[in-house]
1. With the Cα gyration tensor of region 214-254 giving a ≥ b ≥ c as the square roots of its eigenvalues, does the rule (a/c under 1.5 for rounded; else a/b larger than b/c for prolate; else oblate) give rounded, prolate or oblate?
2. Sort Asp139, Asp302 by accessible area with a 1.4 Å probe, largest first.
3. Note down the nm distance, to one decimal, between modelled labels 7 Å out along Cα→Cβ at Arg205 and at Ile193.
4. Separation between the Arg231 and Ser103 pseudo-spin-labels, each 7 Å from Cα along Cα→Cβ, expressed in nm?
5. How far is the Cα center of region 194-233 from the Cα center of region 36-60, in Å?
6. According to a simple spin-label model (label point 7 Å from Cα along Cα-to-Cβ), what is the distance in nm between Ser53 and Ile326?
7. Here are several values of Rg and Dmax of the Cα atoms in Å: (i) 21.6, 92; (ii) 22.5, 91; (iii) 21.4, 88. Which one was derived from the coordinates shown?
8. Subtracting the Cα-Cα distance from 0.36 nm times the residue separation, let me have the gained length for Val185 to Asp44 in nm, one decimal.
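The values are calculated or read from the model by the stated rules, or taken from the named source; none is laboratory data. These numbers come from a predicted model, not from an experiment. Please note: Cβ atoms are built from the backbone with ideal geometry, for glycine as well, and neighbour counts cover all protein chains shown. Just the protein is used for accessible areas: all its heavy atoms, side chains included, with ligands, DNA and RNA removed. Shrake-Rupley method; radii C 1.70, N 1.55, O 1.52, S 1.80 Å.
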Amino acid sequence: MNTAANPADAMPHRSWFGATKRLSALGPIMALLALIFIGSMLSDSFLSAGNLSNLLTRSAIVGIIAIGATYVITAGGLDLSVGSMSALIAGLVIMGMNAAGSSLGDSWLVVLIGIVLALALGVVAGSLNGVLVVKGGIDAFIVTLGTMGIFRSVITWLSDGGSISLSSSLKGIARPLYYGSVAGVSYPLIAMIVLAIGAELVLRRARLGRHITAIGSNPEVARYSAIRVHRVRILTYVFQGVCVALATMIYVPRLGAATPSTGLLWELEAIAAVIIGGTALKGGFGRIWGSIVGVLILGLIDNILNLTALASPYLNGAFQGVIIIIAVYLQKGRREV
């Protein structure tokens with residue numbers, strides 16, 4: 001009698017794999033809780049309302065960008081240009097708002113024009129990346145590395161190496177976009193939560209989300225399944241551009257200016273957050289809530305470094321790099337199990 005063919009024999013393996021998968025899903029949350037515990041032990045001001053509010057508001061900016069990055073990576077793509085894209089959008093939007101303000105007078109109408117302009121620029125920049133990758137058949141790493149340099153160079157040229165400043169009156173009118181709140185919850189955090197819930201529902205429940213996951217898992221099989229692979233992949237880059245534009249427009253009132261260093265290393269933070277949250281770097285699996293947890297983990301590390309003397313805050317980029325390498329290595333280990 002061949003006992004190996006008994007379906008019951010496979011049950012322990014399925015149970016083991018299921019337990020491993022659940023533990024993997026809980027990993028980012030456990031890391032987040034551990035960092036909160038460490039931070040509260042090392043600094044008395046860590047759990048203060050002011051510090052947590054500032055931490056969550058600042059994390060929301062990268063969180064919004066990471067939501068778009070989750071879609072791109074789940075579909076098997078990559079976008080290294082998000083930080084430079086944000087800097088260029090910020091510069092062009094400020095120039096547009098200053099010009100509109102001189103004609104229409106400083107008002108919320110001008111701020112609204114700035115928001116529409118930012119979203120339009122995000123769509124254009126995302127479409128450019130998507131079309132070059134999908135229609136041009138060029139590797140996403142090369143395309144977005146190139147556009148990263150182009151966007152950063154153009155904003156440096158426009159600002160003549162300095163800064164492009166928003167008029168003080170418009171900065172005051174747009175101030176609530178970053179500093180406003182409802183019942184103590186900041187607008188940037190509300191925007192991130194609403195966007196994250198919507199994006200998670202689409203990724204899990206909508207046909208578009210299933211197509212994105214299928215394309216990232218195996219584009220050839222997805223194509224034979226009548227999925228419009230090119231269109232869906234371009235849409236993920238367009239969505240990434242919209243997320244960058246939204247985050248930038250929220251962030252502009254805080255900065256009041258765009259410089260060549262605006263959004264520097266945001267691409268590293270967004271990709272790190274997505275990978276830490278459990279999204280597969282090679283595509284085929286993604287989870288928005290995991291990316292949000294990843295953003296909070298990176299924000300907590302930065303916050304703890306600033307509040308304590310454990311290490312210089314200038315080493316934050318090094319910590320993020322190490323975390324990316326560890327997260328990708330752990331993903332590799334799971335695939336080989």
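1. Prolate.
2. Most to least solvent-accessible, the answer reads Asp139, Asp302.
3. Between Arg205 and Ile193, the label points sit 1.8 nm apart.
4. Result for the modelled spin labels: 3.6 nm.
5. 36 Å
6. Simple spin-label model gives 3.2 nm for this pair.
7. Computed from the coordinates, Rg and Dmax of the Cα atoms in Å corresponds to (iii).
8. Result: 48.5 nm gained on full extension.
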